[in-house]
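Written below as structure tokens is the structure these notes are about.
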Ligand code: GLY
Ligand code: MN
Ligand code: MN
């Protein structure tokens with residue numbers, strides 16, 4: 001791993017939080033992600049299951065965590081199975097965790113090899129009343145690829161059909177949505193690396209630069225600062241491309257007069273950051289670009305102030321829709337008749353601002369958490385309003401990451417230039 005080792009106290013504390021929600025006599029089992037194939041003998045870069053990482057810190061495949069707080073034999077309250085290392089694996093792939101390394105990483109004393117799972121665990125599974133299995137219950141999940149955990153769940157339910165089964169996901173969604181200080185430091189580190197990448201671009205972007213050259217600058221800066229890479233597919237969209245919300249081709253030349261939308265951020269230690277900024281390719285916002293940009297910035301700032309404990313998403317979204325409507329009227333993009341006659345379930349402003357304002361952020365960029373629950377201190381959200389005017393070839397989004405505190409919110413990206421004047425001045429300072 002490129003990141004510094006994380007103290008195991010984080011994972012010990014996370015397991016203890018999880019155990020508070022288990023029914024008596026229960027066992028919970030978490031499985032690592034697969035290494036996904038490409039073609040021939042190729043494989044994609046490994047990405048750990050976020051829940052398993054949250055509970056153990058183990059960042060490799062073939063890992064199983066068992067939590068059984070009421071185990072009669074104290075040795076089986078927490079058990080971790082990791083991939084057996086061997087001289088052959090060490091030669092070809094580099095060292096995997098030894099048992100001692102797994103202990104150091106996770107704070108779990110009882111470590112076995114992955115292939116011993118069945119033999120070691122069967123007697124203890126019979127002691128458990130209920131088995132909690134994990135699953136991906138993210139509401140925006142749309143990929144049906146069967147995961148290692150899905151396969152494992154099928155096997156467990158077939159082998160132990162008379163046990164009661166419960167879902168880990170609602171517990172994990174809840175506890176992961178409220179970040180500890182250590183997690184916030186890791187997210188801050190991801191934000192700080194993102195800032196370095198963004199600042200590097202301020203002197204790099206100019207007419208004639210290609211979007212993929214910008215992508216290359218960013219990944220260079222991210223990796224040399226120990227990021228795992230991009231936290232999500234980078235969107236580097238010049239001119240009208242900025243109005244394509246999920247533009248990831250990044251293959252056009254940035255032209256004089258274009259506004260460039262950059263939704264680009266680093267991840268650090270599996271924690272994501274999520275930034276969007278817009279730069280004028282020639283170093284100077286046009287009057288119209290600045291008017292739209294400043295409108296989005298006002299919405300961004302007003303929305304961020306609404307992130308406070310007790311706030312509901314229903315009220316928050318309504319607030320943002322109302323101020324965005326006002327800005328679109330001022331910009332001449334909506335008429336008062338359109339607003340007067342709008343369907344409240346699908347307000348007129350949706351024509352220019354078609355996505356959500358905020359999402360949870362953490363181990364996943366669209367992190368887990370419940371939108372129907374009021375906001376709480378420790379939650380981290382993005383704020384990312386945008387205005388996309390396809391007929392003018394201008395798309396603006398401004399996105400920062402905020403921690404909710406006991407009495408308000410803290411901007412984790414407060415040092416990243418955001419005002420048009422500062423952006424222009426930094427873009428032109430080397431000229
Ligand atoms: N970069 C993904 C998002 O803003 O939600
Ligand atoms: Mn976002
Ligand atoms: Mn984003």
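The values are calculated or read from the model by the stated rules, or taken from the named source; none is laboratory data. If you're wondering where the values come from, they're calculated on a predicted model, not measured in any experiment. Here the Cβ positions follow ideal geometry from the backbone for every residue, glycine too, while neighbour counts run over all protein chains shown.
May I ask you to say which residue of 216, 227 is in a loop (DSSP other than H, G, I, E, B), more than 13 Å from ligand 3 (Cβ to nearest atom), at pLDDT 95 or above and under 23 Å from the mean Cα position of the chain (by Cα)? So that I can check it myself, show each step before the final result.
Details: 216 fails: in a loop (DSSP other than H, G, I, E, B).
Checking each option against the conditions leaves just 227.
Tell me which residues, restricted to region 341-363, are more than 15 Å from ligand 3 (Cβ to nearest atom) and touching a residue at least 40 places away in the same chain (Cβ under 8 Å).
Let us first name the residues in region 341-363 that are more than 15 Å from ligand 3 (Cβ to nearest atom), namely 341-352, 363.
Once the filter is applied, which keeps residues that are more than 15 Å from ligand 3 (Cβ to nearest atom) and touching a residue at least 40 places away in the same chain (Cβ under 8 Å), region 341-363 yields only 363.
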Look through region 364-396, keep the residues that are in a loop (DSSP other than H, G, I, E, B), under 20 Å from residue 137 (Cβ atoms) and within 16 Å of ligand 3 (Cβ to nearest atom), and return whichever of them is nearest to the chain's Cα centre (by Cα).
365
Restricting attention to region 231-244, report how many residues are within 16 Å of ligand 2 (Cβ to nearest atom) and either more than 18 Å from residue 384 (Cα to Cα) or part of a helix (DSSP H, G or I) (or both).
1
Mind counting the residues in region 345-387 that are within 15 Å of ligand 2 (Cβ to nearest atom) and either over 15 Å from residue 176 (Cβ atoms) or at pLDDT below 95 (or both)?
11
Heads up, the strands (runs of 3 or more DSSP E) in region 28-136 (entirely inside) with at least 2 residues that are surrounded by fewer than 20 Cβ atoms within 10 Å (Cβ to Cβ) are 110-113
Output the residues belonging to region 86-97 that are over 14 Å from residue 57 (Cα atoms) and touching a helix residue (DSSP H, G or I) at 6+ places or on another chain (Cβ under 9 Å).
95
Within region 223-249, can you find the residues that are closer than 21 Å to residue 47 by Cβ and buried (at least 19 other Cβ atoms within 10 Å of the Cβ)?
227, 228, 230, 231, 234, 235
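How many residues are more than 16 Å from ligand 2 (Cβ to nearest atom) and crowded, with 24+ Cβ neighbours inside 10 Å when one looks only at region 270-291? It would help to see each step written out before you state the result.
Applying the first criterion (more than 16 Å from ligand 2 (Cβ to nearest atom)) to region 270-291 yields 270, 279-291.
Next, only the ones that are crowded, with 24+ Cβ neighbours inside 10 Å stay: 279.
Result for region 270-291: 1.
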Which of the residues belonging to region 397-420 are under 21 Å from residue 237 (Cα atoms) and more than 16 Å from ligand 3 (Cβ to nearest atom)?
417, 419, 420
When you check residue 279 against the structure, is it closer than 22 Å to residue 201 by Cα, more than 16 Å from ligand 1 (Cβ to nearest atom) and touching a strand residue (DSSP E or B) at 6+ places or on another chain (Cβ under 9 Å), yes or no?
yes
If residue 355 meets every condition in (1) over 29 Å from residue 169 (Cβ atoms); (2) exposed (fewer than 15 other Cβ atoms within 10 Å of the Cβ) apart from one, which number is that one?
(1)
How many residues are within 16 Å of ligand 1 (Cβ to nearest atom) and more than 10 Å from residue 230 (Cα to Cα) when one looks only at region 261-276?
6
Name, by its number, the condition in (1) over 24 Å from residue 352 (Cα atoms); (2) within 16 Å of ligand 3 (Cβ to nearest atom) that does not hold for residue 262.
(1)
Residue count, region 351-363 (criterion: part of a loop (DSSP other than H, G, I, E, B) and within 14 Å of ligand 1 (Cβ to nearest atom))
9
Filter region 300-340 for residues that are without any contact (Cβ under 8 Å) to a residue 60 or more places away in the chain and not in a helix (DSSP H, G or I); which is surrounded by the most Cβ atoms within 10 Å (Cβ to Cβ)?
334
Which of the residues belonging to region 175-220 are in contact with a helix residue (DSSP H, G or I) (Cβ under 9 Å, 6 or more places away or on another chain) and without any contact (Cβ under 8 Å) to a residue 60 or more places away in the chain?
196, 200, 204, 211, 214, 217, 218, 219, 220
Please give the strands (runs of 3 or more DSSP E) falling wholly within region 245-299 in which 1 or more residues are modelled with pLDDT of 95 or more, touching a helix residue (DSSP H, G or I) at 6+ places or on another chain (Cβ under 9 Å) and farther than 28 Å from residue 49 by Cβ.
259-263, 276-280
Residues being surrounded by 20 or more Cβ atoms within 10 Å (Cβ to Cβ) and outside any loop (DSSP other than H, G, I, E, B): count how many of those fall in region 400-422.
6
